1. Please go through the range 282-321 and pick out each residue that is buried (at least 19 other Cβ atoms within 10 Å of the Cβ) and touching an Asp or Glu at 6+ places or on another chain (Cβ under 8 Å).
2. So which residues in the range 298-333 are over 13 Å from Phe215 (Cβ atoms), of a type in the set (S, T, N, Q) and either within 17 Å of the chain's Cα centre (by Cα) or at pLDDT 95 or above (or both), if there are any at all?
3. State whether the residues of the range 236-249 include one that is in contact with a strand residue (DSSP E or B) (Cβ under 6 Å, 6 or more places away or on another chain), assigned by TED's automatic domain parsing to the domain that holds Asp195, within 30 Å of Ile42 (Cα to Cα) and not in a strand (DSSP E or B).
4. Regarding Leu336, is this residue free of Cβ contacts under 8 Å to residues at least 60 places away in the same chain and assigned to a loop (DSSP other than H, G, I, E, B)?
5. Could you list, in sequence order, all residues of the range 264-306 that are aromatic (Phe, Trp, Tyr), in a loop (DSSP other than H, G, I, E, B) and within 21 Å of Gly228 (Cβ to Cβ)?
6. Out of all the residues in the range 173-231, which are of a type in the set (S, T, N, Q), surrounded by fewer than 18 Cβ atoms within 10 Å (Cβ to Cβ) and part of a helix (DSSP H, G or I)?
7. Please state which of the following conditions Thr302 fails to meet, knowing it meets all the rest: (1) more than 19 Å from Val247 (Cβ to Cβ); (2) in contact (Cβ under 8 Å) with a residue 60 or more places away in the chain; (3) among the β-branched types (Val, Ile, Thr).
8. Name, by its number, the condition in (1) outside any loop (DSSP other than H, G, I, E, B); (2) modelled with pLDDT of 95 or more that does not hold for Thr11.
Amino acid sequence: MKILLSITLATSLLTASSLREDAKNAGLSPIPASQTALLKLIDNPKNPLTKEKIALGKKLYFDPRLSKSELISCNTCHNLSEGGDDGLEASIGHKWTQNPHHLNAPTVYNAVFNDSQFWDGRAKDLEKQAQGPIQAHPEMAATKTHVVNVVTSMPAYVNSFQKAYGKDVKISFEKVTDTIGLFERTLVTPAPYDDFLNGQDNALSQAQKKGLKTFITLGCASCHTGVGLGGSMNAINITGTYKYMNVGDFKGDKNGLVKVPTLRNIAQTAPYFHNGKIWNLKTAIQEMGRIQLGVKINEEQTKSIETFLHALTGRKPLLNLPLLPESTQKTPKPELN
């Protein structure tokens, strides 16, 4: 009995080790278990993370007064209480305006691992990305001047900026969005998948391990790779045309490339694809197989991959709702037009 148990254990360890090697060879990498290693991965060398900057960025992220109507915050479309998105096909912004390109809001969780931001990859990092929605009229519809006037009208915000950046800090629009971006860098969600790749053999069930193997074997990891399982720019419609390609006018960047969405927390971020037209994982998996890999993913393979994808639901940072500074007589009034 002891011999049989030893053989079974050795086989199990070999299988787990072999699967980790397959994942590594496919370009898959875990979120580091070490906080020191993780910090190196998510930090901004030009504006290093500190607890004061992160706390300030968190308040700004949740503050709807940065928007023209003073009703919309970053958290409106990237809800941290759920999957880091808004659960809509196309986001709704100022004056109940739907995104004019029918674009789905990507999750902000783990966005730090993306090579670039926005579906067309036009922003190089989270700090640059934060500038876009605040100024976009269908979103927060604010101006740089409005944002600066809001922040500088409140002594508590001014004091927080001075504590974070020094007494001589100039509170500019860019400084505000840089601080929001720094907070967003901390929104990483290590999952059982990472625990497994980091050496915990039993972090995944046998069914999830089989799903990971299927995911790699079919070629899904050719695009959904790296720490983020996505985040790079890639072509769409390689072996077929996405069946909802005519919804919205988005066709990718100037080269027709589209940012590959992260698969982390994918079970919590429906609907899927750039225009949010697919609402369940089964259909999304099979459609990706058809248009990107040129394969018909059968029912068993689909179920296996979907089982694995649930192992990407991560442990979210514990976030208490921040208490925002009170407005003053100098704080700009809401504009609903």
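1. Result: Ile285, Gly314.
2. Filtering the range 298-333 for residues over 13 Å from Phe215 (Cβ atoms) gives 298-300, 313-333.
Then keep just the ones that are of a type in the set (S, T, N, Q); that gives 298, 313, 320, 327-329, 331.
Selection gives Asn298, Thr313, Ser327, Thr328, Gln329, Thr331.
3. Looking only at the range 236-249, we keep the residues that are in contact with a strand residue (DSSP E or B) (Cβ under 6 Å, 6 or more places away or on another chain), and these are 236.
Remaining after also requiring assigned by TED's automatic domain parsing to the domain that holds Asp195: 236.
Going one step further and asking which of them are within 30 Å of Ile42 (Cα to Cα), we end up with 236.
Subsequent filtering for residues that are not in a strand (DSSP E or B) retains 236.
Looking through the range 236-249, at least one residue is in contact with a strand residue (DSSP E or B) (Cβ under 6 Å, 6 or more places away or on another chain), assigned by TED's automatic domain parsing to the domain that holds Asp195, within 30 Å of Ile42 (Cα to Cα) and not in a strand (DSSP E or B).
4. Values: free of Cβ contacts under 8 Å to residues at least 60 places away in the same chain: no; assigned to a loop (DSSP other than H, G, I, E, B): yes.
Answer is no for this residue.
5. Phe273
6. Of everything in the range 173-231, those that are of a type in the set (S, T, N, Q), surrounded by fewer than 18 Cβ atoms within 10 Å (Cβ to Cβ) and part of a helix (DSSP H, G or I) turn out to be Asn202, Gln206, Thr217, Ser222.
7. (2)
8. Only one criterion is unmet by Thr11, namely (2).
The values are calculated or read from the model by the stated rules, or taken from the named source; none is laboratory data. As the structure is a prediction and not an experimental result, all values here were calculated from the model. Note that we place each Cβ from the backbone using ideal geometry, even for glycine, and neighbour counts take in every protein chain shown.
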